[in-house]
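Asks: Please read through the structure below; I'll follow up with questions.
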Amino acid sequence: MNYTVTFKEAYKGKKIFLTGHTGFKGAWMLAWLHQLGARVKGYALAPYYEKSLYDLIDGEKLCESVIADIRDEERLKKEILDFQPDFIFHFAAQPLVRRSYDEPVYTFGVNVMGTAHVLEAARNLTNFCAVIIITTDKVYENKEQNYHYKETDRLGGHDPYSASKACTEIVASSYRNSFFNPIHFAEHKKTMATARAGNVIGGGDRSMDRIIPDIIKGLEKNETIIIRNPSSVRPWQFVLEPLSGYLLLGSKLYKEPTRYCKAWNFGPDNDDVLTVKEVVEQALQVWGHGNYSTPILAKQPHEAGLLKLDISKTIQKLGWKPKLHSKDAISHTMNWYKKVIKENASAYTIEQIHFYQEL
């Protein structure tokens, strides 16, 4: 599917309320929506890291930016109601597993109550609005088996992050059943879906405890890259893959609001599997140099070792499928970092968006 025409028809001139617009995925989404001609209002904390993608692409010039906490229910409600959006894309989150062990209450507050605040504000809108809640592949009760999780599988979470995102799905389901029920769409005029994707890689990510940022930090400092879980398997995907899925889902919700208000998985093909070690080796090959080690680290918090998604429903009913192999995703990601050493980050980010749209 060529997304250029489809997405412009859906989003040009539309008002988009985008939470988490200063984060890694949020900044990519902001850049894409701006290219599509949407009017964006962002709501998020200030960028957490130096050299953030949001700053590198001059995000302040691409939207009306509100720097505030998603846990501030009254402020969030005011900003949403004042804007009267056509779409809400909810990215804002505490997205790190290891940080969730250090700050579990904060993680639950941001991820669970923050989502409830977004949905409650949307409930008070009088106009039509399509709401897309971004969660994660880690919402499933992971049995560490060679199994691809379907949208109907049991939710759960060992670590506070995963549990908080499973709770987010339950909150969203409750609002859909109680307040945004498709049966009563003519009365409430809201449609809402959740999107589950994870292990997204791409240029501009500076987060802690993520493999690509760890690689980049090691390369920048000419240090050996430490791999915590070399044999772990994840559904790796280039950042524009799930974002294209979210945009396609939003366009479908807008056209047929009672048909697509469900949970959706976005991930790579079933046979597209790489371990963390293989990702590192591929990344260093693209870069041209670098070293890594796999020391045995004591007293490490639990992280899932095996995780795969079943995307058959998304392919069959939504019409979305991945366009890039995970090795291509690694190449595009590492090339972004190589390019922006000498070139304008904003220009190359847009170049990658245009390239992907035309695939």
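Asks: Take the residues in the stretch 94-112 that are within 18 Å of the chain's Cα centre (by Cα) and aliphatic (A, V, I, L, M); name whichever of them is farthest from PHE24 (Cα to Cα).
Replies: Keep residues of the stretch 94-112 that are within 18 Å of the chain's Cα centre (by Cα), which gives 94-100, 107-108, 110-112.
Going one step further and asking which of them are aliphatic (A, V, I, L, M), we end up with 96-97, 110, 112.
Details: LEU96: 12, VAL97: 16, VAL110: 17, VAL112: 20 Å.
Among residues in the stretch 94-112 that are within 18 Å of the chain's Cα centre (by Cα) and aliphatic (A, V, I, L, M), the one farthest from PHE24 (Cα to Cα) is VAL112.
Asks: Now for a separate question. Output the residues belonging to the stretch 115-151 that are more than 21 Å from the chain's Cα centre (by Cα), of a type in the set (Lys, Arg) and either closer than 20 Å to ALA44 by Cβ or assigned to a loop (DSSP other than H, G, I, E, B) (or both).
Replies: Answer for the stretch 115-151, where residues must be more than 21 Å from the chain's Cα centre (by Cα), of a type in the set (Lys, Arg) and either closer than 20 Å to ALA44 by Cβ or assigned to a loop (DSSP other than H, G, I, E, B) (or both): just LYS143.
Asks: Going residue by residue through the stretch 163-172, is there one that turns out to be hydroxyl-bearing (Ser, Thr, Tyr), in contact (Cβ under 8 Å) with a residue 24 or more places away in the chain, under 27 Å from TYR106 (Cβ atoms) and not in a loop (DSSP other than H, G, I, E, B)?
Replies: Here is the first cut: in the stretch 163-172, the ones hydroxyl-bearing (Ser, Thr, Tyr) are 164, 168.
Restricting the remaining residues to those that are in contact (Cβ under 8 Å) with a residue 24 or more places away in the chain gives 164, 168.
Retained after the next criterion (residues that are under 27 Å from TYR106 (Cβ atoms)): 164, 168.
In the following step, the residues that additionally are not in a loop (DSSP other than H, G, I, E, B) were identified as 164, 168.
Within the stretch 163-172, one or more residues are hydroxyl-bearing (Ser, Thr, Tyr), in contact (Cβ under 8 Å) with a residue 24 or more places away in the chain, under 27 Å from TYR106 (Cβ atoms) and not in a loop (DSSP other than H, G, I, E, B).
Asks: With ALA38, ALA27 as the choices, which residue is in contact with a Leu (Cβ under 6 Å, 6 or more places away or on another chain), on the phi < 0 side of the Ramachandran plot, at pLDDT 95 or above and small (Gly, Ala, Ser)? Can you show your working first?
Replies: On the way: ALA38 fails: in contact with a Leu (Cβ under 6 Å, 6 or more places away or on another chain).
Result: ALA27 is the single residue among ALA38, ALA27 that is in contact with a Leu (Cβ under 6 Å, 6 or more places away or on another chain), on the phi < 0 side of the Ramachandran plot, at pLDDT 95 or above and small (Gly, Ala, Ser).
Asks: Mind listing just one residue for me: the one in the stretch 259-278 that is closer than 21 Å to LYS317 by Cα and of a type in the set (S, T, N, Q) and, of those, surrounded by the most Cβ atoms within 10 Å (Cβ to Cβ)?
Replies: ASN265
Asks: Suppose we keep only residues that are under 16 Å from the mean Cα position of the chain (by Cα) and part of a loop (DSSP other than H, G, I, E, B) within the stretch 1-44. Which one would you say is nearest to LYS77 (Cα to Cα)?
Replies: Only one residue fits best here, namely GLY20.
Asks: Would you check which residues across the stretch 191-219 are outside any loop (DSSP other than H, G, I, E, B) and in contact with a Lys or Arg (Cβ under 7 Å, 6 or more places away or on another chain) and list them? Walk me through how you get there before you give the answer.
Replies: Step one: list which residues in the stretch 191-219 are outside any loop (DSSP other than H, G, I, E, B), which gives 191-196, 200-201, 211-219.
Once the filter is applied, which keeps residues that are outside any loop (DSSP other than H, G, I, E, B) and in contact with a Lys or Arg (Cβ under 7 Å, 6 or more places away or on another chain), the stretch 191-219 yields MET192, ALA193, VAL200, PRO213.
Asks: Please work out if ALA10 is under 23 Å from PRO160 (Cα atoms) and either surrounded by fewer than 20 Cβ atoms within 10 Å (Cβ to Cβ) or at pLDDT 95 or above (or both).
Replies: Details: under 23 Å from PRO160 (Cα atoms): no; either surrounded by fewer than 20 Cβ atoms within 10 Å (Cβ to Cβ) or at pLDDT 95 or above (or both): yes.
No, not satisfied.
Asks: The conditions are (1) buried (at least 23 other Cβ atoms within 10 Å of the Cβ); (2) among the β-branched types (Val, Ile, Thr); (3) out of contact with any helix residue (DSSP H, G or I) (no Cβ under 6 Å at 6 or more places or on another chain); (4) more than 30 Å from GLY37 (Cβ to Cβ), and VAL118 fails exactly one of them. Which is it?
Replies: It is condition (4) that VAL118 fails.
Asks: Can you pull out every residue in the stretch 66-93 that is within 20 Å of ASP205 (Cα to Cα) and small (Gly, Ala, Ser)?
Replies: ALA92, ALA93, listed by residue number.
Asks: Need a quick list: helices (runs of 4 or more DSSP H) entirely within the stretch 261-359 having at least 2 residues that are of a type in the set (D, E, K, R). Talk me through it step by step, then tell me what you get.
Replies: Working: elements: 276-287, 326-340, 345-357.
Correct list: 276-287, 326-340.
Asks: Of the conditions (1) among the polar types (S, T, N, Q); (2) modelled with pLDDT of 95 or more; (3) within 30 Å of ALA345 (Cα to Cα), THR168 clears all except one; give me its number.
Replies: The one condition THR168 does not meet is (3).
This table checks each residue for (1) buried (at least 17 other Cβ atoms within 10 Å of the Cβ); (2) within 22 Å of LYS217 (Cβ to Cβ); (3) without any contact (Cβ under 8 Å) to a residue 60 or more places away in the chain.
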site	(1), (2), (3)
GLY319	no, no, no
ALA329	yes, yes, no
HIS332	yes, yes, no
GLU343	no, yes, yes
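The values are calculated or read from the model by the stated rules, or taken from the named source; none is laboratory data. Here the structure is a predicted model, which means the values were calculated and not measured. Using ideal geometry, Cβ is built from the backbone for each residue, glycine included, and neighbour counts are taken over all protein chains shown.
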